[in-house]
1. For region 72-90, indicate whether the set of residues that are out of contact with any Pro (no Cβ under 6 Å at 6 or more places or on another chain), over 19 Å from Ala14 (Cβ atoms), small (Gly, Ala, Ser) and touching a residue at least 40 places away in the same chain (Cβ under 8 Å) is non-empty.
2. Tell me, yes or no, whether region 68-82 has at least one residue that is assigned to a helix (DSSP H, G or I), closer than 30 Å to Val124 by Cα and hydroxyl-bearing (Ser, Thr, Tyr).
3. Could you tell me whether region 86-94 includes any residue that is part of a helix (DSSP H, G or I) and among the small types (Gly, Ala, Ser)?
4. Can you name the number of the only condition in (1) assigned to a helix (DSSP H, G or I); (2) crowded, with 19+ Cβ neighbours inside 10 Å that Leu35 fails?
5. Tally the residues that are surrounded by fewer than 17 Cβ atoms within 10 Å (Cβ to Cβ) and either assigned to a loop (DSSP other than H, G, I, E, B) or of a type in the set (Ser, Thr, Tyr) (or both), restricting the search to region 41-67.
6. Out of the residues in region 10-30 meeting the condition of being free of Cβ contacts under 8 Å to residues at least 24 places away in the same chain and small (Gly, Ala, Ser), tell me which one is surrounded by the fewest Cβ atoms within 10 Å (Cβ to Cβ).
7. Could you tell me which residue of region 91-115 is farthest from the chain's Cα centre (by Cα), considering only residues that are under 13 Å from Leu8 (Cβ atoms) and among the hydrophobic types (A, V, I, L, M, F, W, C)?
8. Kindly establish whether Ala34 is on the phi > 0 side of the Ramachandran plot and in contact (Cβ under 8 Å) with a residue 40 or more places away in the chain.
Amino acid sequence: MPEPRSLLRIDSTAGLVVGVLVLLLSPWLSRLFALPLGFLVFTGAANLAYGSFSGSLARRSVRPRRLITVLVVANAAWAVLCLVSALTFARSASGFGLLHLVGEALFVGGLAMLEWRHRELLLVAPAAAT
């Protein structure tokens, strides 16, 4: 398990990397995943926006509790959206597409759970906590 105080950096890095890759590769991924191109562009852009938000929190020395809560709720909502998307596209998406959606739901849902569990530690950045 990652050190709880590194969760925001992991969250941000994952969102930014996935967002860039999905946007850059969306035409190819659309064929591989058998998912609509517009849907993949939306998810890539959402990942970039989300990664930017969690990254902005990671750079703060003190983080407002309400923003940590927003982060957790956004992660949980994204996990649900990924699962709903997997169900919506279950008949048309390829196995790779479904694996991507379910895998992202599990990863982001896991982050939501860990960030909620360690929300008190996330209020202060590691350097400021010592």
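Throughout, read-outs are computed from the coordinates displayed, never taken from laboratory work. Please read all numbers here as calculations on a predicted model, not as lab measurements. Methodologically, a virtual Cβ is constructed for each residue, glycine included, from the backbone with ideal geometry; neighbour enumeration extends over all protein chains shown.
1. no
2. Yes - at least one qualifying residue is present in region 68-82.
3. yes
4. (1)
5. 6
6. In this case the residue turns out to be Ser30.
7. Of the residues in region 91-115, the ones under 13 Å from Leu8 (Cβ atoms) are 111-112, 114-115.
Add one more test, that the residue is among the hydrophobic types (A, V, I, L, M, F, W, C), and what stays is 111-112, 114.
Working: Leu111: 8, Ala112: 9, Leu114: 13 Å.
Once the filter is applied, the top-ranked residue is Leu114.
8. The answer is yes for Ala34.
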